[in-house]
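This report refers to the structure that appears directly beneath it.
Bear in mind that the values in this text are calculations on the coordinates, not laboratory data. Nothing here was measured: the structure is a model prediction, and the numbers come from that model. Using ideal geometry, Cβ is built from the backbone for each residue, glycine included, and neighbour counts are taken over all protein chains shown.
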Amino acid sequence: MASDQVQTTASPKRGWTKARAILAGGLVLGVGAAITLAAWTDNEWVTGLFGSGNFGIEGSTDGTAFTDHETEAGAAVLNFQVGADNLAPGDAVYAGFAVRLEQDSTYTADVSVAQVIDPALVGVTADYVFTTTFGCDTAAYAAGSDENAASFTLDTLADVSYVCFRVSADDTLPQGVDGNITWDFTGVSGTSL
């Protein structure tokens with residue numbers, strides 16, 4: 001009976017040893033297969049670099065020093081001739097303004113122009129034309145083009161649009177009134193420069 005007991009206890013040990021040997025062989029086989037598969041793997045990567053351009057317009061009341069006037073509260077003050085604050089019927093006063101792309105812009109601009117006349121300024125008319133140089137007086141206004149054009153384009157960084165404003169008073173102008181006339185130049189980006 002003693003020999004039966006020895007055989008019975010030895011058998012499970014041998015079975016477990018066999019199972020461990022099979023598992024170890026499977027692991028070796030698995031690692032070998034993984035190494036073989038890795039040798040047949042290849043990657044190709046691609047990436048792109050992205051960024052945004054710049055866009056803006058700016059204006060000048062003297063034709064040389066350009067600044068950005070982004071809000072109505074920060075609007076450039078035009079240099080109308082003497083007497084603009086003391087108009088009488090039949091008077092006309094003039095002022096020039098220049099608009100260009102900001103010099104770091106990377107896009108063209110489609111610019112629209114809108115004007116708002118203070119309702120208190122009854123009897124006052126505001127008009128504008130485009131000129132080829134800065135400066136605005138009776139002769140420059142007469143030689144200008146595209147009177148009251150609603151829009152214009154700026155196609156290069158060198159493009160400058162010169163605007164000649166004329167404000168005139170007629171017989172319906174009441175005494176002792178004052179108010180503002182505001183022009184809004186709105187630039188919308190176009191094509192890449």
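List of remarks:
- A DSSP coil position with no more than 11 other Cβ atoms inside 10 Å describes the following chymotrypsin sites (Phe, Trp or Tyr not before Pro) in region 45-99: Trp45, Phe50.
- Were the residues from Ala142 through Asn54 laid out at 0.36 nm apart, the gain over their Cα-Cα distance would be 28.0 nm.
- The largest-to-smallest principal axis extents of the Cα set in region 57-192 are 50, 31, 24 Å.
- Charged side chains reduced to their Cβ positions (Lys and Arg at +1, Asp and Glu at -1) give region 57-192 a dipole of some 180 debye around its Cα centre.
- Residues in region 54-86 that a label on Asp104 would reach, taking backbone N under 12 Å of a point 7 Å out along Cα→Cβ: 54-56
- If you plug the beta carbon distance of Ile117 and Asp159 into 1/(1 + (r/R0)^6) with R0 = 22 Å, you get a FRET efficiency near 0.20.
- Using a cutoff of 8 angstrom between alpha carbon atoms and counting only pairs six or more residues apart, the relative contact order for region 57-192 works out to 34 percent.
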